[in-house]
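For reference, the structure is listed below as C-alpha cells.
The values are calculated or read from the model by the stated rules, or taken from the named source; none is laboratory data. Bear in mind that the values here come from a model prediction, so they are computed numbers and not experimental data. Cβ sites come from the backbone with ideal geometry, for glycine too, and all protein chains shown count toward neighbours. The area values use the complete protein model at the heavy-atom level, side chains included, leaving out ligands, DNA and RNA. Shrake-Rupley method; radii C 1.70, N 1.55, O 1.52, S 1.80 Å.
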Amino acid sequence: MQRPELLAPAGNMEKLRTAVHYGADAVYLGGRAFGLRNLADNFSIHEMAAALEFCHEREVRAYLTVNSYPHNDALERLERYLSEVAELPFDAYIVADPGVMELAREISPRRELHLSTQANTINWRSARFWRSQGISRVNLARETTLEAMAETVAKSGLDVEVFVHGALCVSYSGRCLLSSAMAGRDANQGECAHPCRWNYHLVEEKRPGEFFPVHEDESGTFIFNSRDLCLLEHLPAIVSSGVASLKIEGRMKGINYVASVLRVYRQALDEYAADPLGYRCRPEWLEELSKLSHRGYTTGFLFGAPRDVGQEYTSAYLRSHEFVGLVEALREDGSVVVGVRNRINVGDELEFVGPGMRSHRLRLDGLLLLDPEGGTQDGDVANPNQRVIMHPPFSVGPFDLIRREKTSMP
Ligand code: SF4
C-alpha cells in the first residue's frame with residue numbers, strides 16, 4: 001500500500017510551523033496575491049524563503065498557490081510575481097487558469113505544476129488532458145465520488161489529490177458569483193465574504209423593505225450553508241483508491257484547527273499504513289474533530305449527491321472547546337512559557353494537547369505573568385498576547401496547544 005501524503009494549509013509562518021510540528025508531509029501556502037486567500041496573512045517573498053528553508057530542513061514539501069483567475073490587467077503583475085518566486089525552491093505551484101500555467105511554464109520550465117480544485121476536474125479524461133498539458137498532479141473537485149477517484153487514478157496516469165477535511169462551498173468548487181454580487185468581493189480572486197453562510201429572509205416583490213423570516217429553526221434560515229467535509233471514517237477506502245495526497249482545507253483557520261485536524265489524520269493514516277487489516281477508526285479521533293469549531297460534518301459527494309445531509313440549518317458553529325494558549329518554550333526548571341490567546345483564569349481546567357494524540361489535564365492553581373523584560377508577578381487572570389509561566393506536572397513540548405472546555409454549547 002502506498003501511503004498518501006498529508007497536505008496541510010499554511011496561512012502564515014506560525015500555521016506552517018504548527019502544520020509541520022503536527023505531522024504534515026507537505027504544506028501549501030500563498031503569497032500576497034494570486035493565491036485565492038487574500039484575507040489570510042499569507043507570505044512575503046522574504047517569508048517564503050524562510051518557510052521553504054524550514055520545510056525542506058524537515059523533509060516537508062511546500063507548494064505555492066497561484067490558483068486565482070487573473071484578468072488581463074493583472075497579467076503584468078502576475079509575470080513580475082512569478083519571476084520573483086522563480087528563485088525560490090518551491091516543490092510545485094498550484095494553478096488553475098491555463099494562462100497562469102503557460103506563464104509559469106515560460107518562467108520556470110522545470111517547476112512541477114499541480115492543478116487546483118478550482119479547475120473543477122471531475123473525470124479521468126479531463127485529468128488525462130491536463131497531464132498532456134504538463135500538469136503532474138490534479139486536485140479533484142469536491143464533487144467527485146469515491147468510485148470516480150479510483151477510476152481517475154487508474155486511467156489518468158496522474159497523481160491525484162483529494163480534499164478530506166474542511167469547509168465546503170455550495171457552488172461548484174468555489175466558482176461562485178455570490179460574493180461578487182453581494183459584497184463586491186470576488187471569490188475567484190481570493191476575496192470571498194462567505195455570503196452563503198449568511199442568514200436570509202424572504203421579501204415579496206410588492207412589499208419592498210418587509211423582511212419575512214423563514215424559520216427553519218429559531219436561529220433563522222440558512223439556505224446555502226454547507227456542512228464541513230470530514231472523510232476520516234472513510235480513510236481506508238480513500239487510501240485504497242490510490243490517491244497520492246490527502247488535503248486539508250483551511251488557510252484562514254487558526255493554529256488550533258491546523259494542529260487538531262492534523263494530529264488526528266496523521267495518527268489515523270499511520271495506523272492504517274502499519275496495519276490495514278486491523279485498522280479501526282478510533283472514537284477519540286472523531287471526538288477530537290468534534291471539539292473544533294465546525295458547522296456539522298458531512299461526507300460531501302464521496303458516495304454520490306449529498307442532498308440534505310450536506311446542509312446545515314443553523315448559523316451556529318459547533319464548538320465544545322476553546323483554544324486559550326500555546327506552549328512557546330520550555331525552561332530549565334521544567335516550567336513552560338505559554339503565549340496566551342484567550343483569557344485564562346486561575347481555577348480553569350485546562351487540557352494540554354500535542355502530536356500523537358498526547359493529552360493531559362491541569363487545574364490551574366496559580367498564574368505567573370511574565371513581563372517583556374523577563375520579570376514575573378502573580379496574577380489571577382491572563383489576557384490575550386500576555387505570556388505566563390506554568391508548571392505542568394507532565395511532559396509537554398513547544399507548540400503544544402492549551403484549550404478549555406466551553407461551559408455552554410455552542
Ligand atoms: S460565497 Fe460560499 S459558495 Fe460562494 S465562493 Fe464563497 S464560500 Fe464558496
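Some points to look at:
- Anchor Lys155: lysines whose Cα lies under 29 Å away (excluding residues fewer than 8 positions away in-chain): Lys247
- Computed with the Debye formula from one identical point scatterer per Cα of the stretch 1-151, without solvent, the log10 of I(q)/I(0) at q = 0.08, 0.12, 0.13 Å⁻¹ comes to -0.22, -0.50, -0.59.
- Here the stretch 321-405 is treated with +1 on each Lys and Arg Cβ and -1 on each Asp and Glu Cβ, and its dipole about the Cα centre works out to around 300 debye.
- In order along the stretch 198-209, the phi-based Karplus estimate (6.51 cos²θ - 1.76 cosθ + 1.60, θ = phi - 60°) of 3J(HN,Hα) comes to 7, 8, 10, 10, 9, 10, 7, 5, 8, 10, x, x Hz; Gly and Pro are listed as x.
- Here the chain yields Rg over Rh of 0.98, to two decimals, using C-alpha coordinates and the Kirkwood radius.
- GNM flexibility winner over the chain from Pro392, Pro213, Pro236 (Cα, springs under 10 Å): Pro213
- 5 angstrom amide H check on Leu350, placed H, neighbours 5+ away: Leu362, Arg363, Leu364
- Scanning the chain for trypsin sites (Lys or Arg not before Pro) lying in DSSP loops with no more than 12 further Cβ atoms inside 10 Å, the longest uninterrupted stretch between such sites is 111-205.
- Residue-wise HN-Hα couplings along the stretch 236-244, as the Karplus relation 6.51 cos²θ - 1.76 cosθ + 1.60 with θ = phi - 60° gives them from phi, are x, 5, 5, 4, 5, 5, x, 5, 8 Hz; Gly and Pro carry x.
- Shape box of the stretch 321-405 [Cα atoms, principal axes, largest first, Å]: 35, 27, 20
- Cut-off 9 Å between beta-carbons: net charge of the residues surrounding Arg361, Lys and Arg +1, Asp and Glu -1: -1
- Placed amide H near Arg185: partners under 5 Å, 5+ positions off or other chain: Ser180
- For the pair Ile45 and Arg77 in one chain, pulling the backbone fully straight at 0.36 nm per residue adds 10.1 nm over the alpha carbon distance.
- FRET efficiency, 1/(1 + (r/R0)^6) with R0 41 Å, evaluated for Val381 and Asn199 via beta carbons: 0.75
- Spatially proximal aspartates and glutamates relative to Lys291 (Cα-Cα < 18 Å; intrachain offsets below 8 disregarded): Asp228, Glu233, Glu249, Glu312, Glu322, Asp348, Glu349, Glu351, Asp400, Glu405
- Classification of the stretch 237-309 by its C-alpha gyration tensor yields an oblate form. The axis ratio a/c (a ≥ b ≥ c) is 1.5 or more, and b/c is at least a/b.
- Annotation: Tyr297 carries an accessible surface of approximately 60 Å², with a 1.4 Å probe and no ligand, DNA or RNA atoms counted.
- Amide H to amide H distances under 5 Å link Gly11 with Leu16, where only residues 5 or more positions off or on other chains count and H is placed in the peptide plane.
- Percent of beta bridges antiparallel (DSSP, the chain, rounded to nearest 5): 60 percent
- Backbone HN-Hα couplings from phi across the stretch 104-117 [Karplus 6.51/-1.76/1.60, Hz, Gly and Pro as x]: 4, 5, 5, 7, 10, x, 9, 6, 5, 10, 9, 8, 6, 4
- The helix-based estimate of mean residue ellipticity at 222 nm for the chain, built from -39,500 (n - 2.57) per DSSP H run of four or more residues and divided by its residue count, is -7500 deg cm²/dmol to the nearest 500.
- Just so you know, the Rg over Rh for the stretch 67-222 is 1.09, from Cα atoms, with Rh as the Kirkwood radius.
- Theoretical gain in end-to-end length, Val214 to His360 [0.36 nm per residue, Cα-Cα removed]: 48.1 nm
- Distance in nm between pseudo-label sites at Ser290 and Ala329 (7 Å out along the Cβ direction from Cα): 4.0 nm
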